[in-house]
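Visitor: Input: one structure, supplied below.
Quick note: the coordinates plus some simple rules give every number you see, no bench work behind them. All figures in this text were calculated on a predicted structure; none of them were measured in a lab. No Cβ is skipped: glycine too gets one built from the backbone with ideal geometry, and neighbour counts run over all protein chains shown.
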Number of protein chains: 2
Amino acid sequence: MAAPVTIALDAMGGDRAPDVVVRGAELARERRPGLKILLFGDRARIEPLLARARRLQDCAEIRHTEIAVAADDKPGQALRKGRESSMGLAIEAVASGEAAGVVSAGNTGALMALSKFVLRPLSGIDRPALAALFPTMRGESVMLDLGANVQCDANNLVQFALMGAAFARTVMGLPRPTVGLLNVGEEELKGNDAVKAAAQILRGSSLSFEFQGFVEGNDIPRGATDVIVTDGFTGNVALKTAEGTAKLYTEFLKQALRSSWRARVGYLLARSAIESMRDRVDPRYYNGGVFLGLNGVSVKSHGGTDATGFATAIDIAVDMAAGSLADRIVEDLKLSGGQVEPPQERAAS
Amino acid sequence: MAAPVTIALDAMGGDRAPDVVVRGAELARERRPGLKILLFGDRARIEPLLARARRLQDCAEIRHTEIAVAADDKPGQALRKGRESSMGLAIEAVASGEAAGVVSAGNTGALMALSKFVLRPLSGIDRPALAALFPTMRGESVMLDLGANVQCDANNLVQFALMGAAFARTVMGLPRPTVGLLNVGEEELKGNDAVKAAAQILRGSSLSFEFQGFVEGNDIPRGATDVIVTDGFTGNVALKTAEGTAKLYTEFLKQALRSSWRARVGYLLARSAIESMRDRVDPRYYNGGVFLGLNGVSVKSHGGTDATGFATAIDIAVDMAAGSLADRIVEDLKLSGGQVEPPQERAAS
């Protein structure tokens, strides 16, 4: 529990940086006594915050840089100027082995590009992917890709399945997770070419997880499988649609509970129950998009989150590092035959 | 209001056919005094139901057939045996001009295949699409394609935009609807090749609607635009994800409101308000997937709906027929230049 793990934080990324980053680190440290923190960013702005964070006094260190990646920088710009930025230096700390993982609430495209460039994809992985946990009827599931790769072939999808399952074993603690491939129907004949071919490969491979075939959009919130695999276009739309629908529902409920005096009184009585329900879908407890398939742990926090949300993202980074997620992915690739599709198909694609 | 419109119903399609079909027709007729109904299916089963449906006595007629498309028939099977089925004959009634539209709660793939084969796509439309209304923060929007075409090119997406806008003008009564193209970000550089090319074509065309560029998943429940355009794979996943998330939320709310006696009492007081909220997202009032881009009106009702839901599907069919939706689509195709992409690109695709 208290094994020492060092996490590098991009102190300048996110809407309310560096304040939320420092307070998030303090919350995470409260739960993890062995945690060490490297804060990359503007010393003049971080130092006064750190002075007030009593729990971080003996375990956090500031690494000064004046450069920060802007929220609207393109990934290309980030690659050019970003390596000396708070984000870039935090990632370098993982590459050098000084830190076990990096967390940033900054520009997603920049974090993805810099992480990929500095940490490099794992041997055998063509395309790293963005994954995240979300609440379901059964608890929680992880979905990938959420937007790193908008156009995917069957081979990419198969690798996403391996990476997602390794995440479920490591971070979610499931010995043999179930995996579903997102499609428009459960029948074998349905779907586009990529999902049909990916299903065929997965059905014929040795796997350290349970491949359950196709799942549909409604199976995501139902928690039909522990891991949902899809291309980055569909995954991004599905995740944002679910978030938007939850907001719509919350808004409708709020309006309904204000619509009469009976409803208002009812709300006062049911308030703590209704709030506990909101906690179950509170995005702060599901904060942290993780990049899977890299030589190193890189976690993206929502830009607009608060200290609680940022602490969740740090927790995920610690669990990924402690569970040697990258090693598991490499093992699973070997188990499935060292490659996930026959050589002749690979040459043709 | 009371203009006579004849709608052909597949009386044998759906989980509780023919009962739900006959009672749905009665409800629809109550709202539309000019409505005439043709019921295709097994006379022995329909006749006793019709005898009890007083409002349908003078305006409904049974057309007997013993053949019915099964829920698990493949589209190919439906095409071979289905033309003499209750579904096929109901569609034929639209093709012959006897009915202005057809409604079926039967097998979606079969209805799509038979409608396309019998009614034929409109001149200039390459791929008919499946569209549906859904509730949003601002009221309601229509999304397409929902699964008729799992792989789409830019040209298909542009045609979906034209067809969706024509539906919004006709059925939703919006003189100049707004249209958004579903993507993983709002910036011009994001997305897959098809959406980027479609956006470019739409920006350069004369349109009878307001093209607002890219929208994201969370914009769907937000009601950011009146029409949401996407490929059938993404649209199917997004719609089912939204439905599943709404169910998850309802279930969490139900559990919360049972969790303590205070919550139970609160629920009793707020009950009618909470139920009115559920009505706002009640799928029965959004029942009816419509096939756009055909020479004739064809509407798919949910297989598991009740009479209220089936009546909604009939309403949509009547509105589409009364508003001459097909003519509007053809006009809009002409307005945009008679074709939706430059001839040289078309030849190459």
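Visitor: Counting other C-beta atoms within 10 Å, which of B:MET320, B:MET112 has the fewest, and how do the rest follow?
Guide: On the way: B:MET320 25, B:MET112 22.
Ascending Cβ contact count within 10 Å gives the list B:MET112, B:MET320.
Visitor: Arrange the peptides A:254-260, B:156-162, A:287-293 so that the one whose residues have, on average, the most other Cβ atoms within 10 Å appears first.
Guide: B:156-162, A:287-293, A:254-260
Visitor: Same structure, new question: Mind listing the label-point distances from A:PRO175 to the same position on all other copies, shortest first, one decimal in nm, points 7 Å along Cα→Cβ?
Guide: Spacings between copies for this position, smallest first, are 6.8 nm.
Visitor: Taking the Cα centre as origin and putting +1 on Lys and Arg beta-carbons and -1 on Asp and Glu beta-carbons, what dipole magnitude results for the range B:140-280, to the nearest 20 debye? All intermediate terms of the calculation are to be shown ahead of the outcome.
Guide: Details: 15 positive and 16 negative charges, 182 e Å.
Around 880 debye, computed over the range B:140-280.
Visitor: Moving on. State the Cα centre-to-centre distance between the range B:282-308 and the range B:163-238 in whole Å.
Guide: Measuring centre to centre over Cα atoms gives 21 Å.
Visitor: Show me the chymotrypsin sites (Phe, Trp or Tyr not before Pro) within the range B:179-228 that DSSP assigns to loop and that have at most 15 other Cβ atoms within 10 Å of their Cβ.
Guide: Details: sites: B:PHE209, B:PHE211, B:PHE214; in loops: B:PHE209.
Sites meeting the loop and neighbour criteria: none at all.
Visitor: So what J values fall out for the range A:295-303 if you push phi through Karplus, 6.51 cos²θ - 1.76 cosθ + 1.60 with θ = phi - 60°, rounded to Hz, Gly and Pro as x?
Guide: Values per residue, Gly and Pro as x: 7, x, 8, 9, 10, 9, 8, 4, x Hz.
Visitor: Please report the spacing between the Cα centers of the range A:65-107 and the range B:70-142 in Å, no decimals.
Guide: So the two Cα centres are separated by 53 Å.
Visitor: Residue by residue through B:141-151, how many Cβ atoms from other chains fall within 10 Å of the Cβ on average? Walk me through the numbers before you get to the answer.
Guide: Details: counts 0, 0, 0, 0, 0, 1, 3, 1, 0, 9, 4.
Shielding by partners across B:141-151 averages 2.
Visitor: Which one, A:ALA25, A:ALA44, A:ALA270, has the greatest fluctuation when you compute a Gaussian network model over chain A with C-alpha springs under 10 angstrom?
Guide: Per the Cα network of chain A with a 10 Å cutoff, A:ALA270 tops the list.
Visitor: Also, I was wondering about something else. Going by how many other beta carbons lie within 10 Å of each one, how would you line up B:LYS81, B:LYS116, fewest first?
Guide: Numbers: B:LYS81 15, B:LYS116 20.
With the sparsest Cβ surroundings first, the list reads B:LYS81, B:LYS116.
Visitor: Give me the percent relative contact order of chain A, please, defined on Cα pairs under 8 angstrom at least 6 residues apart. Numbers along the way, then the final one.
Guide: Working: 714 pairs, mean separation 78.6, N = 349.
Over chain A, the number comes to 23 percent.
Visitor: Provide an ascending nm list, one decimal, of label-point separations from A:LYS74 to the equivalent residue in each further copy; define each label point as 7 Å from Cα along Cα→Cβ.
Guide: Counterpart label points of A:LYS74 in the remaining copies fall at 4.7 nm.
Visitor: Anything over 27 Å Cα to Cα? Flag those among A:LYS190/B:LYS36; B:LYS190/B:LYS240; A:LYS196/A:LYS334; B:LYS190/B:LYS247; B:LYS74/B:LYS334; B:LYS116/B:LYS334, in the order listed. Can you show the working numbers first?
Guide: Numbers: A:LYS190/B:LYS36 37 Å; B:LYS190/B:LYS240 24 Å; A:LYS196/A:LYS334 23 Å; B:LYS190/B:LYS247 31 Å; B:LYS74/B:LYS334 36 Å; B:LYS116/B:LYS334 22 Å.
Exceeds cut-off: A:LYS190/B:LYS36; B:LYS190/B:LYS247; B:LYS74/B:LYS334.
Visitor: How big is the dipole moment of the protein assembly as shown about its Cα centre under a simple scheme where the beta carbon of each Lys and Arg is +1, that of each Asp and Glu is -1, and everything else is neutral? Debye, nearest 20, please.
Guide: Working: 80 positive and 82 negative charges, 378 e Å.
Dipole of the protein assembly as shown, to the nearest 20 debye: 1820 debye.
Visitor: Once Lys and Arg get +1 and Asp and Glu get -1 on their Cβ, which of B:PHE214, B:VAL237, B:PHE167 lies farthest toward the positive end of the dipole of the range B:166-237?
Guide: The listed residue farthest towards the positive side: B:PHE167.
Visitor: Put +1 on the Cβ of each Lys and Arg and -1 on the Cβ of each Asp and Glu in the range B:144-290; which of B:VAL227, B:VAL184, B:GLN255 then has its Cα farthest toward the positive end of the dipole?
Guide: The residue sitting most towards the positive pole is B:GLN255.
Visitor: Shielding by partners for B:224-235, please: the mean number of other protein chain Cβ atoms within 10 Å of each residue's Cβ.
Guide: Numbers: counts 1, 0, 0, 0, 0, 0, 3, 3, 2, 13, 11, 4.
Mean partner-chain Cβ count within 10 Å for B:224-235: 3.
Visitor: How large is the helix-only mean residue ellipticity at 222 nm for the protein assembly as shown, computed as the sum of -39500 (n - 2.57) over DSSP H runs with n ≥ 4, divided by its residue count, in deg cm²/dmol to the nearest 500?
Guide: On the way: 26 runs with 326 residues, N = 698.
So the helix-based figure for the protein assembly as shown works out to -14500 deg cm²/dmol.
Visitor: Starting from a label point 7 Å past Cα on the Cβ side, list the distances from A:ASP126 to the same position in the other copies, nm, shortest first.
Guide: Result for A:ASP126, in nm, nearest copy first: 2.5.
Visitor: About the Cα centre of the range A:159-223, how large is the charge dipole given +1 on each Lys and Arg Cβ and -1 on each Asp and Glu Cβ? Please answer in debye to the nearest 20.
Guide: On the way: 6 positive and 7 negative charges, 52 e Å.
Dipole magnitude for the range A:159-223 comes out near 260 debye.
Visitor: Further question on the same structure: Could you work out how far the C-alpha centroid of the range B:13-61 sits from that of the range A:244-272, in angstrom?
Guide: About 39 Å separates the Cα centre of the range B:13-61 from the one of the range A:244-272.
Visitor: Residue separation times 0.36 nm, minus the C-alpha to C-alpha distance between A:ARG16 and A:LEU335: what's the value?
Guide: Values: separation 319, 0.36 × 319 = 114.84 nm, distance 4.39 nm.
So the chain would gain 110.5 nm between A:ARG16 and A:LEU335.
Visitor: Turning to a different aspect of this structure: So which helices of chain B fit the span-like rule, where a helix is a whole DSSP H run, its Cα atoms reach 18 Å or more along the axis, and its mean Kyte-Doolittle is at least 1.0?
Guide: Counting only whole DSSP H runs, the qualifying helices are B:307-322.
Visitor: Could you work out the local net charge near A:GLN151, counting Lys and Arg as +1, Asp and Glu as -1, over the other residues with Cβ closer than 9 Å to its Cβ? The partial results should precede the final answer.
Guide: Numbers: positive: none; negative: A:ASP153, A:ASP231, B:ASP193.
With Lys, Arg at +1 and Asp, Glu at -1, the neighbours total -3.
Visitor: Normalised by the residues of the range A:82-203, what does the relative contact order come to in percent, with Cα pairs under 8 Å and at least six apart?
Guide: Values: 107 pairs, mean separation 18.9, N = 122.
Rounded, it is 16 percent for the range A:82-203.
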